[in-house]
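Let me begin by presenting the structure, written as structure tokens, before commenting on it.
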Amino acid sequence: MRIIKLLGLAAALLWIGSGVSEGGTLLEPGETVGIPTGAPLPQGFYFVDTLGYTPDARQLPSGHLAMNIPVFVWSTPWSFYDTRLELLAAFPSPYVSDAPIATKLYAYNPAAIAALAHDFGGGWGATYYFGIRPGVPDAPSFHETSFEQRLAVSYTANGWNLTAILENGIFDQTYNPDYLMLDLTATKKFGNFEIGPVAFGSTDVGRLPFGYGQRESQFAVGGLLGYDFGPVTVQGIGATDVESQGYFHRDTRGFVRVIIPLGGGPQQPAPVVAKY
């Protein structure tokens with residue numbers, strides 16, 4: 001079975017705010033852990049779906065939070081100097097149960113993202129992501145549009161996935177503070193299995209909107225267990241906050257990710273991908 005290099009861009013899970021000024025990150029902290037986001041993706045089409053759940057969301061006084069994030073990826077045939085153009089679209093949908101937001105399934109800010117992924121050779125790669133997330137006038141989504149950019153570096157030789165990705169969100173108005181996120185991965189493959197620690201942090205940056213309150217930040221640690229089934233790759237991730245400021249409390253979250261190659265590359269069948 002072929003073991004592949006992977007990329008990814010992940011879908012946006014979500015942040016849920018209360019009141020007029022929504023805070024925290026538009027992206028879910030840790031949404032890209034376990035993915036070698038710096039490595040170029042083999043040419044073709046891919047579908048990635050991530051399901052996450054926490055029984056006591058840090059953004060809510062109390063309440064369950066679940067989210068489903070389908071992501072469609074096209075690793076285009078266009079490349080130059082070992083740099084490939086990749087296009088991604090995400091359509092997240094959170095389910096919130098309990099106050100202060102009514103129990104229901106919501107639409108959330110979609111994403112339109114482009115990426116330039118460069119292969120340095122020797123297992124090293126770097127990717128720059130940029131795009132927008134349009135505002136959505138429905139709680140708990142963010143009502144203003146944001147510009148998103150990410151810079152990822154990965155080492156993927158010899159079954160390793162050593163990845164760091166720095167993510168920045170910039171809002172086009174003044175209702176939300178801009179934010180930074182850092183996702184870290186250090187996993188190793190043993191045959192078809194993958195295992196290792198992950199960590200992630202996030203913080204508001206820049207000027208806080210009037211009446212916003214205190215700056216929000218958090219840092220979490222956890223682990224990943226994955227398996228490559230051949231045509232489908234599955235990953236399970238669990239993490240808990242070890243530091244939290246400005247939120248209601250710390251929380252623990254679990255994610256299940258499924259990656260399905262849809263073909264469209266120069267080789268058939270398409271290579272198995274565990275990117276996102």
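The values are calculated or read from the model by the stated rules, or taken from the named source; none is laboratory data. Just so we're clear, the structure is a prediction, and the values are computed from it rather than from any experiment. Because the Cβ atoms are built from the backbone with ideal geometry, glycine has one as well, and the counts that use them run over all protein chains shown. Surface areas here come from the heavy atoms of the whole protein model, side chains and all, with no ligands, DNA or RNA. Shrake-Rupley method; radii C 1.70, N 1.55, O 1.52, S 1.80 Å.
Name the pairs whose Cβ atoms lie under 6 Å apart, with the first residue in the stretch 251-276 and closer than 16 Å to Glu86 by Cα, the second modelled with pLDDT of 90 or more and open to solvent by 80 Å² or more (accessible area, probe 1.4 Å), and 6 or more positions between them or separate chains?
Leu262/Phe45; Gly264/Phe45
State all residues of the stretch 122-167 that are more than 30 Å from Ala66 (Cβ to Cβ), open to solvent by 30 Å² or more (accessible area, probe 1.4 Å) and hydroxyl-bearing (Ser, Thr, Tyr); if no residue qualifies, say none.
Within the stretch 122-167, Tyr128, Tyr155 qualify.
If you check Gly222, Gly236, Gly196, Gly226, which single one turns out to be open to solvent by less than 10 Å² (accessible area, probe 1.4 Å), farther than 17 Å from Asn168 by Cα and assigned to a strand (DSSP E or B)?
Gly226
For the stretch 117-140, how many residues are assigned to a strand (DSSP E or B), more than 14 Å from Leu151 (Cβ to Cβ) and not hydrophobic (A, V, I, L, M, F, W, C)?
Looking only at that region, the number is 3.
Between a first residue in the stretch 201-215 that is more than 19 Å from Val242 (Cβ to Cβ) and modelled with pLDDT under 75 and a second residue that is outside any strand (DSSP E or B) and among the β-branched types (Val, Ile, Thr), which pairs have beta carbons less than 6 Å apart while being 6 or more apart in sequence or on different chains?
Pro209/Thr174
Only one of these is modelled with pLDDT under 90 and surrounded by fewer than 21 Cβ atoms within 10 Å (Cβ to Cβ): Asp172, Asp119. Name it.
Asp172
Does Asn161 satisfy being out of contact with any Cys (no Cβ under 8 Å at 6 or more places or on another chain) and under 19 Å from Gly122 (Cα atoms)? Step through it out loud before you land on a result.
Working: out of contact with any Cys (no Cβ under 8 Å at 6 or more places or on another chain): yes; under 19 Å from Gly122 (Cα atoms): yes.
So Asn161 fits the description; yes.
For the stretch 75-116, what are the residues that are of a type outside the set (S, T, N, Q), in a strand (DSSP E or B) and either more than 20 Å from Gly264 (Cα to Cα) or at pLDDT below 85 (or both)?
Pro94, Tyr95, Val96, Lys104, Leu105, Ala111, Ala112
Those residues that are in a strand (DSSP E or B), open to solvent by less than 50 Å² (accessible area, probe 1.4 Å) and either of a type in the set (Phe, Trp, Tyr) or touching a residue at least 40 places away in the same chain (Cβ under 8 Å) (or both), I need them from the stretch 177-193; list them, please.
Within the stretch 177-193, the subset in a strand (DSSP E or B) is 178-190, 193.
From the residues that got through so far, the ones that are open to solvent by less than 50 Å² (accessible area, probe 1.4 Å) too are 178-179, 181, 183, 185-189.
Answer for the stretch 177-193, where residues must be in a strand (DSSP E or B), open to solvent by less than 50 Å² (accessible area, probe 1.4 Å) and either of a type in the set (Phe, Trp, Tyr) or touching a residue at least 40 places away in the same chain (Cβ under 8 Å) (or both): Tyr179, Met181, Asp183, Thr185, Thr187, Lys189.
Just to be sure I understand, how many residues within the stretch 30-51 are modelled with pLDDT of 90 or more and of a type in the set (Gly, Ala, Ser)?
3
Of the conditions (1) in contact (Cβ under 8 Å) with a residue 60 or more places away in the chain; (2) farther than 23 Å from Thr37 by Cα, Gly230 clears all except one; give me its number.
That leaves (2) as the condition not met.
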